[in-house]
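Below you'll find the structure, written out as structure tokens, and then a few comments.
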């Protein structure tokens, strides 16, 4: 997600936790989405934001997010503009079998294209380096993992993150899931946050879905978050 948690990147739409499965070879995914994050310091959101993924090689996905960002800090004016552009590569290292999970990495770089003085960007290039694992049994799927953020922008700090999600396919049209996600303190003087989120997918056709989630931080720095997106796939 873009600009969620007051930063341009999140993870696997519509959740904060991601999975290790790349897009199939020569297939495409496209999202048009919006995000919302309210905290005691104000409200940050994105919309419209655009995500594009391509299965560029076997077990390899390339990834791009371009957000239009909105910032409404407490005691400040409402601002909007281009947010930080996200680029990444998802690589599956190990395929899933009957007994073992699949494992992958998804390093991402956040380009400082948004104005940091307006609260729309980070102000400096930063990186997110996670490892994700996943296992499925029938209609149930669980995935999670964690990693490290490298962010040397003024006022920001390196920190760890981790999350885990369980979801179920109730039919070919509906999937629902719930996650717990923990993020370390990402600003100087800030606190870590632990989130609980619920969401899912409404699949109208094999190539088109609506994605949604909402959640709240129940420990640490308080946030209320939401995601709503339209999803297409083809190839």
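Since every read-out is calculated from the coordinates, none of them should be taken as a lab result. Keep in mind that what you see is a predicted model, and the values were worked out from it rather than measured. Positions of Cβ are generated from backbone atoms using ideal geometry, with glycine treated the same way; all protein chains shown enter the neighbour counts.
With R₀ set to 41 Å, the beta-carbon distance separating residue 38 from residue 168 gives a calculated FRET efficiency near 0.90. Note on the range 7-68: percent of Cα-Cα distances in each 10 Å bin, starting at 0 and stopping at the bin with the largest distance, equals 20, 47, 24, 8, 1.
The range 4-234 has equivalent-ellipsoid semi-axes of 28, 18, 18 Å, by the square roots of 5 times the alpha carbon gyration tensor eigenvalues, sorted largest first. Modelled spin-label separation between residue 150 and residue 98, with each label point placed 7 Å from Cα along the Cα-to-Cβ direction: 4.2 nm. Among 98, 157, 222, whose mean-square fluctuation peaks in a Gaussian network model of the chain (Cα, cutoff 10 Å)? Among 98, 157, 222, the largest GNM mean-square fluctuation belongs to 98. Expressed as a fraction of 2.2 N^0.38 Å, the value expected for a compact globular protein of N residues, the C-alpha radius of gyration of the range 136-235 is 1.28. Which shape class applies to the range 63-159: rounded if a/c is under 1.5, otherwise prolate when a/b exceeds b/c and oblate if not, where a ≥ b ≥ c are the square roots of the Cα gyration tensor eigenvalues? The shape class here is prolate. Normalising the average separation of contacting C-alpha pairs (under 8 angstrom, six or more residues apart) by the number of residues puts the relative contact order of the range 4-234 at 18 percent. For the pair residue 111 and residue 139, label points projected 7 Å from Cα toward Cβ lie 4.3 nm apart.
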